[in-house]
Amino acid sequence: MKVLVIGASRGIGLEFVRQYRAAGATVTATARSEDALATLRELDAKALALDVADAASASGLPWQIDGTAFDVAVICAGVYGPDTSGLQPPTEADFDAVMHTNVLGPMRVIPQIAEYLAPGAKLIVLSSRMGAIGPRVSASGWLYRASKAAVNSVLKDASLVLKGRATCVSLHPGWVRTDMGGSGADIEVSDSVAQMRRVIAGLTPADNGRFFDHDGTPIDW
């Protein structure tokens, strides 16, 4: 199995690399810093420098993966932004940072990796239940919520274009104990990724364009 992990500097992305490598998969993974790239190499992954928020950096991805047909591609890159509890307007800098990473990043990356997906591949975007509109009962972190609602739209469009070639889904990893989620989160990163890997392994073409929790429970958009 050949796996591509976009955004593997730390946390969930790095754990995907660890677990897929432990399972014997050939893994290509991206990170921004040289330290993070060195960690990926220590895991015997092919490490590529990539900043999804930077147009020039993202444009160099295709030639680095040329000739590879990935069975699984997971886009993990993401940031939370300001921790708000109401309708506090974000600064332009915060808006740009969150939207460039969480929305523009996948919009740049997905078209570039589409031709490098093996027939029947699985394309995953890490989203969040916080981006679901129907079941929403809180406005906390509304910039992050807006970005995840937007990336869900991006994934849905990708599922329409890639239907018949790849199964495209959004996954909610849970509230995970990472630098982003904090020490008080519900679930260890190893458990979250292990559950998501089981969900990914069980996906069928009938799941194309859907949104799932880390345990496989469907989530309403």
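Every number here is computed from the coordinates shown, using simple stated rules; none is lab data. Predicted model, so just to flag it, every value in this text is computed and none were measured. Backbone-built Cβ (ideal geometry, glycine too); neighbour counts: all protein chains shown.
Please arrange Thr26, Thr217 by counting, for each residue, the other beta carbons lying within 10 Å of its beta carbon, fewest first. Write down the numbers at each step before the final one.
On the way: Thr26 16, Thr217 9.
Least to most surrounded, the residues fall as Thr217, Thr26.
For a quick protection proxy, order the peptides 189-201, 6-18, 37-49 by their average other-Cβ count within 10 Å, most packed first.
On the way: 189-201: 18.9, 6-18: 24.7, 37-49: 16.9.
The packing order, highest mean first, is 6-18, 189-201, 37-49.
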Exercise. Tell me which lysines have Cα within less than 23 Å of Lys148's Cα, excluding those fewer than 8 residues away on the same chain?
Worked result: Lys122, Lys156, Lys163
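List the relative contact order of segment 1-154 as a percent without decimals, with contacts defined as Cα pairs under 8 Å and 6+ residues apart. Display every interim value, and only then the final one.
Numbers: 274 pairs, mean separation 35.6, N = 154.
So the answer I get is 23 percent.
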For this session: Can you figure out the FRET efficiency of Thr217 with Glu34, using R₀ = 41 Å and their beta-carbon distance, to the nearest 0.05?
Result: 0.60
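Decide, for the chain, between rounded, prolate and oblate: order the square roots of the alpha carbon gyration tensor eigenvalues as a ≥ b ≥ c, take rounded if a/c falls under 1.5, and otherwise choose prolate if a/b is larger than b/c, else oblate. If you can, show how the numbers build up before the last one.
On the way: a/c = 1.38, a/b = 1.25, b/c = 1.10.
Rounded is the answer for the chain, as its axis ratio a/c remains below 1.5.
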Exercise. Once Lys and Arg get +1 and Asp and Glu get -1 on their Cβ, which of Leu87, Val74, Val189 lies farthest toward the positive end of the dipole of the chain?
Worked result: Val74
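Relative contact order (percent) for segment 132-221, with alpha-carbon contacts under 8 angstrom and 6 or more residues of separation? Show your work: numbers first, answer last.
On the way: 111 pairs, mean separation 29.7, N = 90.
Once normalised by length, the contact order is 33 percent.
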Exercise. Given charges of +1 on the Cβ of Lys and Arg and -1 on the Cβ of Asp and Glu, with all other atoms neutral, how large is the dipole of the chain about its Cα centre, in debye to the nearest 20?
Worked result: 580 debye
